[in-house]
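Structure first, then comments.
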Amino acid sequence: MSLAVIGLGNVLLGDDGFGPFVVELLRTRYAFPPEVELLDLGTPGLGLISYLHGHDAVVIVDAVAGAGLPGDVRVYEEAELERLPVVPRVSPHDPAVAEALSIARLIGDGPHDVCLVGAVPGSLELGAGLSPQVRAAADVAAEIVRQRVEERGFAVRRRDAGHVTDDWWMEPGAAQTR
């Protein structure tokens, strides 16, 4: 069995960088077995299909539109993702999660276990860095993802303190020891 944790989002649009930031937190806080792949994909659009290939399970992390306050964490299981309405894509980089999952399944190579862990964004304005509420939500989301990976039978080991995140897009001096 293989599992991919996929961070989606544009790190140069404020809270849209939530997915990549959570993937970086996971990379620095935990050691995952080789069967678990951590991927910061940015904004792949329908290119997401090629990253779904060959994985039995996928956890997608992204900023999500929805009711609630900035930083509210949401977990969408596969059945909920399948019910999302298909919305017009404005650019080739729009998330296209539902479409990518449908196409991957149609060609017979989609994961059988999918969820999306997201946070309601506060700001999607041009500029690097997460709002304080969404930054706090990243810690919560990282723990949800870690638990989900462990529930699927993968051993996750906490790293020793002292690893520094490679969140190059954050404001100068924002890299932190975790």
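The values are calculated or read from the model by the stated rules, or taken from the named source; none is laboratory data. A quick note: this is a predicted structure, and the numbers were derived from the prediction, not measured. A quick note on method: Cβ atoms are made from the backbone with ideal geometry, for glycine too, and the neighbour counts reach across all protein chains shown. The area values use the complete protein model at the heavy-atom level, side chains included, leaving out ligands, DNA and RNA. Shrake-Rupley method; radii C 1.70, N 1.55, O 1.52, S 1.80 Å.
So for the pair D160, A79, with labels modelled 7 Å out along Cα→Cβ, what separation do we get in nm?
Inter-label distance under the simple model: 4.6 nm.
If R0 is 41 Å, what FRET efficiency do you get for R105 and L126 from their C-beta distance, rounded to 0.05?
Numbers: r = 35 Å, r/R0 = 0.86.
Rounded to the nearest 0.05, the efficiency is 0.70.
Rounded to a whole number, what % of the accessible area of region 1-160 do carbon and sulfur atoms account for, probe 1.4 Å?
The computed percentage sits at 57.
So who's got an amide H within less than 5 Å of the one on V114, skipping anything under 5 residues away but keeping other chains? H placed 1.01 Å off N, in plane.
V58, E78
Quick one: which of 100-108, 9-17 comes out on top by average Cβ neighbours within 10 Å, and what's the full order, highest first?
The densest-packed peptide leads the list: 9-17, 100-108.
Per residue, how much accessible area does region 10-63 have with a 1.4 Å probe, in Å²?
Accessible area per residue: 31 Å².
Could you order the peptides 49-56, 23-30 from most to least packed, using the average number of other C-beta atoms within 10 Å per residue?
My ranking of the peptides, most packed first, is 23-30, 49-56.
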